[in-house]
Each structure stands twice: as structure tokens, then as C-alpha cells.
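Here the structure comes first, spelled out in C-alpha cells, and everything after it is commentary.
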Amino acid sequence: MLTTVIQHILLIFFILLLVMIAQKLKIAYPIILVVGGLCLSMLRLFPTIEINPELILLIFLPPLLYEAAWYTSWKELWRWRRVISIFAFLIVIVTSGVVAVVSHALIPGFSLALGFVLGGIVSPPDAVSATTILKYVKVPKRISAILEGESLMNDASSLIVFSFAKTAVISGVFVLHEAAASFVVAIVMGIAIGLLVALIYYAIHRWLPTGTEMDVILTLTAPYVMYITAEYFHGSGVLAVVSGGLFLSSRSQHILSYRSRLHGANVWATIGFMLNGLVFMLIGLELPVIIKELGTVSLWDAIKYGLIITGVLVVTRLLCTMGASVFTVFISRYITTADNRPGWKGPVIIGWAGMRGVVSLAAALSIPVYMDNGALFPQRNLILFITFTVILLTLVAQGLTLPLVIRWVNMEDPDKQIPAEEQERIIRDRLLEGSIRFLDTHYPEEVKANPALKQLREDLELRKTVSMHNKIEGVDHLLYKKVYVKMLDHQRSVLHELNKDPATAHELIRKYHELVDIEEEILRMKYEPAS
């Protein structure tokens, strides 16, 4: 037991080390983690990691989807709803079908149902990989919005395809019209259950006396309740988590206190980072295990199948994104579209950003070893090997070359957005003007009579004047931030000295330490670009 605990602690340290190396090299950390996991497995530093196939989707998927949904822009999701819907549903189904046909024709003993099992597994691109890579390159906002929105929805369609195909393999029966009807029911049921559970959580947060810790714990349980409930009633657990997460996120300012939002954001950032790190490391650690279990299939044949399926996925996605661009031009004659001339540059970037990752891994590992009749699930290990090969190749090859593709196409931002610095200045000015107007409208007499309120209004007027002055003449914000941070460090030193005085309460020192930390966080958020 002690040895297992030590090994898992070492694994966490390896993950942190590899992420730091990735940040130093300015490479997306999923790539480094997969390669690092593969190297560690070859060194045999860790024993074989086994996870219950029935639990793999449940452990990793709900919290990762919920976090992604929580920070997704609803207005961007709605603006690009048609494109996202096509990418998340139609293209996933087309990709699954192409993979099914190719694998059925290519691999001996591979039925069409098994082909759809594989297609459902490898069809959805991974959100974490693409968004992490996009942090290191400049890309139009619409591209990242479409990729994020697609990744939220495509997991649902791919897992539904995977579930139906897996059932067909086990039962030996597949009826197209029944599957199509079940597909629609799963989508509608998933969204409805997600919103219903979200309403229950909304009521708990809004009208019951929850504290900060309880609020955070409730947000941690929400995705699991949504996912499990939807799956129990044969709905899409993915869409339940996404719809519920979007609903609660849009109302977070009404149901969560400022402290709950701050603490919750920190907790979720840590959990999301750790889960993603474990999954991508698991990809590398598990590959040698899968190789050993290939059975009668030779390693070279398995590699060949993996390379071909990877090529099919890349080509199919590029053709689909270009086809979607052509279709948009055509359909814009009859309906209003967000962009009636998408061109070829955006589709090329989106098409190349098709790295596979978390969902594909979770789905592949969730394939049962034995079917209901006690027989081994056919071709399970080969499906796992092809899935791991696809993830490894797309992450490393496409992940490393995506920045080069983005620079090559050199796509200008067609939305011509106001620069982020100017947007921030507008927001600050509107906040200052609104605050002054609020005090003058609702508390004019109190401001005159109360010195503290009067000083507050004067401070707001001064900050407004400084903001207008900065807009005209410009100031050295880097110098301002540098001096401000050093001043806050000096305040911490003063607090450290005060804490040596027995007459000063340690609780008060800690309180003011937190205030200084919050002040620095506000300063950095104000003068550092949003990520």
C-alpha cells in the first residue's frame, strides 16, 4: 500500500516537471506529457496502471466537460451555433462512418459494427490540446470559439455512436431507424435532464443558506449528478453536463458569493489541470501494455492500421471543414449566416486542429473486456492500440505543426475587434462612470455627510481623470506595475515584522496578508493580458 502511494506521488511530481518543461519550451503540455509517459513506461518506473473500464468515463469526463462549459462564452457559442452544430454532429457522424468503412475493408475479421466502435472513439477532436496550443499563437477569436464550442458538443455525438455500435457488437443486432430515433431521444433527454438538475442546484444555491465551502462542494458534485442521471435515463450524459454547466455559469453572479466564485475558480483550475495531466500521462504509460496484449495481430500490422486510420481522420476532417465552407457560401443565399464568405484559411486551421485526446482515451478504455455471454470483446486490444496510435500521432505531429500552419495561412482577423487594451480601457471607464452616477443618484446626501463616502467619490473621480489622461498621453504601465508589486512585497515584510510582536494577533496578520495578496491579484489581472 505504501509503495503504491509513493508511486502515485512520484507520478504527480513527474507530471508537474513535464508541464514546467513544456512551458519552458513553449510547447503545449499534452504533447510533452504523452511523450514523457511513453518514456517512463519504457523505463519501467511504474507498475501497470489498471482502471475499471466502466468507471473511466465517469471519473474523468464530467468534471472536464463541466469546467469547459463553465468558462465557455455563451454569446460566441450562439453566434457560431450552426457551424458548431455541423462540426459537432454531422462531421463526427461522417467521420465515424468513413473510419468504419475503411477499417472494415482493411482489417481482417473487423466487422462494420466494430468499425463504428472505432469510429465513435476516434472521431472527436480534443479541446484541451487545441486550446492549449492556441495560447502560444495568435489566431482569430472566431477560430478558438468554434473549436471550443465544437469540443463541447462533439463528445456527445461520438459517444452516442460508440454506445450504439458497442451494443450492436454485443447483441449482434442493429436497426437503423431505431438507432436514429434513439440518437435524437438521447440528445433531447440529455439536454432536458441537464437543465432540470441545474435548476435544482440553482434553487439550492439561491435560496438555501450555503457557505463558501458548501458552494464549492456543490459545484464539484453537479457534473457527476448530471452525467449519472442522464445516463440512467438513456440520455446523453455529455450534453447534460454541458447544458447544465452553461445554465449555471450564466447565473453564477446570482447564486454564488464573491468568495465562492474566487475559491471555486481556484479549486476547479487545480482539479482540471490534475485530471488532464493524469489522462495525457496515462496515454503514454498505457501504450506498451496495449502492445503486449495485441495477441495474434503483429505489431507491424497494428502500426500500419494505426497510421492508415490516422491519415483517414486527418484527410476526412480537412475535406469536411472545406466542404462546410463551400456549403456556407451556398446556404448564405437563402439564410443569414455569421459569415457568408469563410474562405479557406479558417477551415484549414480548424481542420488541422483535430488532435485526439481525453475523450478518445476514456471511450477506448471503457470497452468491456468480456461481453454479456462471457466471450471476449472482439478486437478490443487492436482497437485500443489504434486509438492510442491516433492520439499519439495527432497530438505530436499535428500539435507541433499547428503553430506553423497558423503562421503559413496568415489569417487576418475578419471581425476587426477592438484591441484588448482598448476594450479594457472602455470597461474601466464605464465602471468608473457607472459608480459615480450610482453614488450621485442614490446616495447624494450620504456622500456629502459621510467623509468616507465623500473620499470614495473623490477617489473615483481621480481614477477617471487618470484614465482619461492615460488615454491621451500614455503612461508606462510596466513601470507602474513593477513599483506597485515591490511596494506590496514591502508590505508583506512589514507584516512579517509585526507578527514577531507578541501583542499582535496572528489572525489579523494573516487577514492582512490575504488582503495584500488579493490586491496583487487585482493588479496583475488589470495590467496583464487576459488568457
Can you name the number of the only condition in (1) assigned to a loop (DSSP other than H, G, I, E, B); (2) at pLDDT 80 or above that residue 121 fails?
(1)
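With respect to residue 382, determine if the residue is modelled with pLDDT of 80 or more and within 23 Å of residue 82 (Cβ to Cβ). Walk me through how you get there before you give the answer.
Values: modelled with pLDDT of 80 or more: yes; within 23 Å of residue 82 (Cβ to Cβ): no.
In short, no.
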Single residue of region 282-303 satisfying the filter (outside any helix (DSSP H, G or I) and either acidic (Asp, Glu) or open to solvent by 20 Å² or more (accessible area, probe 1.4 Å) (or both)) that is modelled with the highest pLDDT
298
Mind listing whichever residues of region 481-500 are modelled with pLDDT of 85 or more and of a type in the set (D, E, K, R)?
486, 489, 492, 497, 500
Residues satisfying the stated conditions in region 418-465, i.e. loosely packed, with under 12 Cβ neighbours inside 10 Å, modelled with pLDDT of 85 or more and among the aliphatic types (A, V, I, L, M)
449, 452
Give the residues of region 94-144 that are closer than 29 Å to residue 79 by Cα, of a type in the set (A, V, I, L, M) and surrounded by 20 or more Cβ atoms within 10 Å (Cβ to Cβ), sorted by residue number.
121, 122, 127, 128, 130, 133, 134, 139, 143
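Per-residue answers, yes or no, for (1) in contact with a strand residue (DSSP E or B) (Cβ under 8 Å, 6 or more places away or on another chain); (2) at pLDDT below 85; (3) over 23 Å from residue 402 (Cβ atoms); (4) open to solvent by less than 30 Å² (accessible area, probe 1.4 Å):
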site	(1), (2), (3), (4)
305	no, no, yes, yes
313	no, no, no, yes
319	no, no, no, no
323	no, no, no, no
329	no, yes, yes, no
347	no, no, no, yes
355	no, no, no, yes
358	no, yes, no, yes
366	no, yes, yes, yes
Please specify each residue of region 93-127 satisfying the condition of being free of Cβ contacts under 8 Å to residues at least 12 places away in the same chain and either of a type in the set (S, T, N, Q) or out of contact with any helix residue (DSSP H, G or I) (no Cβ under 6 Å at 6 or more places or on another chain) (or both).
105, 108
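Got at least one residue in region 86-108 being polar (S, T, N, Q) and under 27 Å from residue 188 (Cβ atoms)? Lay out the reasoning, then the answer.
Filtering region 86-108 down to residues polar (S, T, N, Q) leaves 95-96, 103.
Retained after the next criterion (residues that are under 27 Å from residue 188 (Cβ atoms)): 95-96.
Yes: one or more hits.
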Would you please list the contacts, defined by Cβ atoms under 7 Å and residues six or more apart or on different chains, that run from a residue in region 368-385 that is at negative phi to a residue that is of a type in the set (Val, Ile, Thr) and in a loop (DSSP other than H, G, I, E, B)?
376/369; 377/367; 377/369; 380/367; 380/369; 382/297; 383/367
Contacts under 7 angstrom Cβ, first residue in region 216-230 being open to solvent by less than 20 Å² (accessible area, probe 1.4 Å), partner not in a helix (DSSP H, G or I), 6 or more apart:
230/236
Which numbered condition in (1) within 30 Å of residue 65 (Cβ to Cβ); (2) more than 27 Å from the chain's Cα centre (by Cα) is the only one that residue 298 fails?
(1)
Would you check which residues across region 373-417 are surrounded by fewer than 16 Cβ atoms within 10 Å (Cβ to Cβ), under 30 Å from residue 167 (Cβ atoms) and hydrophobic (A, V, I, L, M, F, W, C) and list them?
375, 376
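Quick one: which helices (runs of 4 or more DSSP H) lie wholly within region 196-281 and hold at least 3 residues that are modelled with pLDDT of 90 or more? Working first, answer last.
Working: elements: 212-232, 237-250, 252-255.
Result: 212-232, 237-250.
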Among residues belonging to region 36-67 that are within 26 Å of residue 148 (Cα to Cα) and open to solvent by 60 Å² or more (accessible area, probe 1.4 Å), point out the one that is modelled with the lowest pLDDT.
55
Is one or more of the residues making up region 157-164 in contact (Cβ under 8 Å) with a residue 12 or more places away in the chain, more than 28 Å from residue 271 (Cα to Cα) and of a type in the set (S, T, N, Q)?
no
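The values are calculated or read from the model by the stated rules, or taken from the named source; none is laboratory data. Remember, it's a predicted structure, so these values are computed and weren't measured experimentally. Using ideal geometry, Cβ is built from the backbone for each residue, glycine included, and neighbour counts are taken over all protein chains shown. These accessible areas exclude ligands, DNA and RNA; they are computed on the full protein's heavy atoms, side chains included. Shrake-Rupley method; radii C 1.70, N 1.55, O 1.52, S 1.80 Å.
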